[in-house]
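Participant: Supplied in structure tokens, the structure appears directly below.
Throughout, read-outs are computed from the coordinates displayed, never taken from laboratory work. Note that the coordinates shown come from a computational prediction; the quantities given were computed from them, not determined experimentally. Here Cβ is always computed from backbone atoms with ideal geometry, including for glycine, and neighbour counts include all displayed protein chains.
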Amino acid sequence: MHRTYRYRLYPTRRQREALESQLRFACSLYNAALEQRRDAYRRLGKSLGYGDQSAELTELRRSAPELCPPEGMNYWSAQEVLRRLDRAFGAFFHRLRRGEKPGYPRFRSHRRFNTLAWTQKGNAGGVEVTEQGRLRLQGIGCVKVKWHRPIPAEATLGEVRVTRKETGARARYHVSVTAKLPIPEPRPGTGAAVGIDMGVRRLVSLSTGELVCGPRAGRANAKRLRRGSRKLARRKRGSARRAKAAAQLARHREREANRRRDAAHKLSRTLVERFDLIAVERLRVANMVRSASGTLAAPGANVAQKRALNREIADQGWGQLLSYLAYKAEEAGRRVVAVEPADTSRTCCGCGAVDARSRAGPRFRCLACGHAEDADVNAAKVILARARAREGIERPGRGRQAATAALAAVV
Ligand SMILES: [Zn+2]
């Protein structure tokens, strides 16, 4: 089982300089490798892969002095830059094969090249936690970390990625540590199950009737963000005032993301504590969000509407919530079941009749049996019923005992 932990780093001035110089090198290496691939293909019709480029890394150092890695830089870290490029090409070709129109991998600017990686896997060395609780990064030194949440002692560290936020004097650094953990003992069952409808009006509605609004940080912040980006656009390129505006805007974005992450963690933890079986809709978040650019908008869809909906989807961070839910459930030995979302909002949870006319705005009123309820809660119940059906459980009869017994049979 893998988990990722994220912490703030506090490098000294000298460590910061070392980080900057490794980042500069990594960016140049990335661009040089990209150029090499492009030229090899254009001139020779030859496709270079990671293997070729990794083998050439040593050679490249000799032939291009500006590409000399800074002193003490870990070799794996340099190779990792080539792997990153390889992944970019992999994604590019994958999307080509699927008939999409991806952009060719791009050259990166030093200002936007923000990540370096180390690993503890194998004997690549490069990183360790010292007895003093510092993070020793090869070529950087022992960096102070704010361990606001301890990594369990039984964890094996894997990849360690250091990311820079903003450049220059305002630069802040974070580290994310991937750790492998032993599979924990499952928690005692609660006998309870829940269906979750992820909505636009609210973050989620539960089949228990509970309604949870997200932080809505996006909407509350949208005005500030719009104003911030206008301000940025007005200011002269390269000016100090522009840099300041850019930093302000970035800070707003970061706070927004923090609030959203925090809310997703809390909600997913609560759900996992309370329920054994958690039923969700299978969402195609990536596709839906991508169509915001118009490339994948469904035929006949009103583009403005689509865009608004997509914005909400990204805003609500469903994907984030689902991924937190998945790993927390795994840790606790709970099950998350994803069901097909078709017609969930048009199906009656009482009698199973499907009729679009049963749905009237925020209310659901079944035309077949008269069942009336909040539309999203009804959908959540439908989702739970589908999950149970898929799990091979009979639809539980009335009464709590039947439901518990049915659930206990599979838990
Ligand atoms: Zn009905």
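Participant: Quick check: residue separation of Ala153 and Arg230 times 0.36 nm, minus the Cα distance between them. What number comes out in nm?
Facilitator: 22.9 nm
Participant: If I take every Cα pair under 8 Å that is 6 or more residues apart in region 2-180, average their sequence separation and divide by the length, what percent do I get for the relative contact order?
Facilitator: Contact order relative to length: 33 percent.
Participant: By counting other Cβ atoms within 10 Å of each Cβ, how are Cys348, Cys369 ranked from fewest to most?
Facilitator: Cys369, Cys348
Participant: For the cross-link pairs Lys101/Lys165; Lys146/Lys223; Lys180/Lys266; Lys223/Lys381; Lys121/Lys146; Lys165/Lys328, which exceed 25 Å when the distance is taken from alpha carbon to alpha carbon?
Facilitator: Working: Lys101/Lys165 30 Å; Lys146/Lys223 32 Å; Lys180/Lys266 23 Å; Lys223/Lys381 36 Å; Lys121/Lys146 23 Å; Lys165/Lys328 28 Å.
Listed pairs above 25 Å: Lys101/Lys165; Lys146/Lys223; Lys223/Lys381; Lys165/Lys328.
Participant: Another one. Taking neighbour counts of Cβ atoms within 10 Å as a proxy for exposure, in what order, fewest first, do Phe107, Phe92, Phe364, Phe25 appear?
Facilitator: Phe107, Phe92, Phe25, Phe364
Participant: How many nm is it between the label spots at Asp262 and Thr190, if each spot is 7 Å from the Cα in line with the beta carbon?
Facilitator: Computed distance between label sites Asp262 and Thr190 equals 2.3 nm.
Participant: Using Cβ contacts closer than 10 Å as the measure, can you line up Leu157, Leu271, Leu44 from fewest to most? Before the final figure, lay out each step's value.
Facilitator: Details: Leu157 18, Leu271 23, Leu44 9.
Taking fewest neighbouring Cβ atoms as first place, the list is Leu44, Leu157, Leu271.
Participant: Separate question: Can you give the Kirkwood hydrodynamic radius for region 2-180, in Å, rounded to one decimal and based on Cα pairs?
Facilitator: Working: mean 1/r = 0.0572 Å⁻¹.
Kirkwood radius, region 2-180: 17.5 Å.
Participant: Below 8 Å between Cα atoms, with a sequence gap of 6+, how large is the relative contact order for region 162-281 in percent? Show your work: numbers first, answer last.
Facilitator: Values: 110 pairs, mean separation 36.8, N = 120.
Here the relative contact order equals 31 percent.
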